[in-house]
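Scroll down for the structure; my scribbles are underneath it.
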Amino acid sequence: MASIFTKIINGEIPCYKIAEDDRHFAFLDINPVAAGHTLVVPKHEVSYLFDLDDDEYVSLELFAKKVAKAIEQVIPCKRIAEAVIGLEVPHAHIHLIPINSEGDMDFRHKQQLSVEEMKTIAEKISAAVK
Ligand code: 5GP
């Protein structure tokens, strides 16, 4: 069965899309740890990030770097943190999270942003992707 992220990539489930190319897709996390929290995924469905082959892994990281640079331009923050968890969704993904301190990376405390806020953030980050 297709993962929830494959369904998002295929447009069967809506998302706040940030960017895509032929091999990768980026969209806002629906339950963000911080405003601008973005998930970067390979279109090829592999369960776990560290099971990607080397080429897929490096290529995903390079795509994540482009997205991180765009988030940086839109969300005031000191750094874009990267996390790999993968306990909930068995489709390899990288979390990109704007942070000002270590405490901003607390996955136990998710935020609820309005549809309008999510839309606006996604549009701004998307426009900043080069
Ligand atoms: P992990 O697998 O890394 O533990 O967590 C998966 C992440 O995907 C969580 O942060 C969760 O909020 C996010 N997520 C789960 N389902 C959806 C969804 O349907 N849409 C979006 N945009 N994010 C999701």
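The values are calculated or read from the model by the stated rules, or taken from the named source; none is laboratory data. Small disclaimer: the values here were computed from a predicted structure and weren't measured. Please note: Cβ atoms are built from the backbone with ideal geometry, for glycine as well, and neighbour counts cover all protein chains shown. For accessibility, only protein heavy atoms count, side chains too; no ligands or nucleic acids. Shrake-Rupley method; radii C 1.70, N 1.55, O 1.52, S 1.80 Å.
Scanning segment 39-59 for residues being in contact with a helix residue (DSSP H, G or I) (Cβ under 6 Å, 6 or more places away or on another chain) and under 29 Å from Cys77 (Cα atoms) gives a total of 4.
Can you name the residue in segment 79-107 that is among the small types (Gly, Ala, Ser) and open to solvent by less than 20 Å² (accessible area, probe 1.4 Å) and is also nearest to the ligand (Cβ to nearest atom) among such residues?
So in segment 79-107, the residues among the small types (Gly, Ala, Ser) come out as 81, 83, 86, 92, 101, 103.
Pick out the ones that are also open to solvent by less than 20 Å² (accessible area, probe 1.4 Å) and you get 81, 83, 92.
Details: Ala81: 13, Ala83: 8, Ala92: 9 Å.
Checked segment 79-107; the qualifying residue nearest to the ligand (Cβ to nearest atom) is Ala83.
Criterion applied to Phe27, Phe50, Phe63 was being within 14 Å of the ligand (Cβ to nearest atom), of a type in the set (Phe, Trp, Tyr) and buried (at least 17 other Cβ atoms within 10 Å of the Cβ), and the one residue passing it is Phe27.
Considering only residues that are within 11 Å of the ligand (Cβ to nearest atom) and within 15 Å of Glu123 (Cα to Cα), look in segment 13-24 and name the one that is least open to solvent (accessible area, probe 1.4 Å). Only one residue fits best here, namely Ile18.
If you go through segment 108-118 and keep only what is within 13 Å of the ligand (Cβ to nearest atom) and charged (D, E, K, R), you end up with Arg108, Lys110.
Take His44 and decide whether it is surrounded by 14 or more Cβ atoms within 10 Å (Cβ to Cβ), away from the ligand (no atom under 16 Å from the Cβ) and free of Cβ contacts under 8 Å to residues at least 60 places away in the same chain. Don't jump to the end; show me each part of the working.
Numbers: surrounded by 14 or more Cβ atoms within 10 Å (Cβ to Cβ): yes; away from the ligand (no atom under 16 Å from the Cβ): yes; free of Cβ contacts under 8 Å to residues at least 60 places away in the same chain: yes.
In short, yes.
Checking every residue in segment 108-122 against the condition of being within 14 Å of the chain's Cα centre (by Cα), surrounded by 13 or more Cβ atoms within 10 Å (Cβ to Cβ) and more than 14 Å from Ala35 (Cβ to Cβ) gives zero matches.
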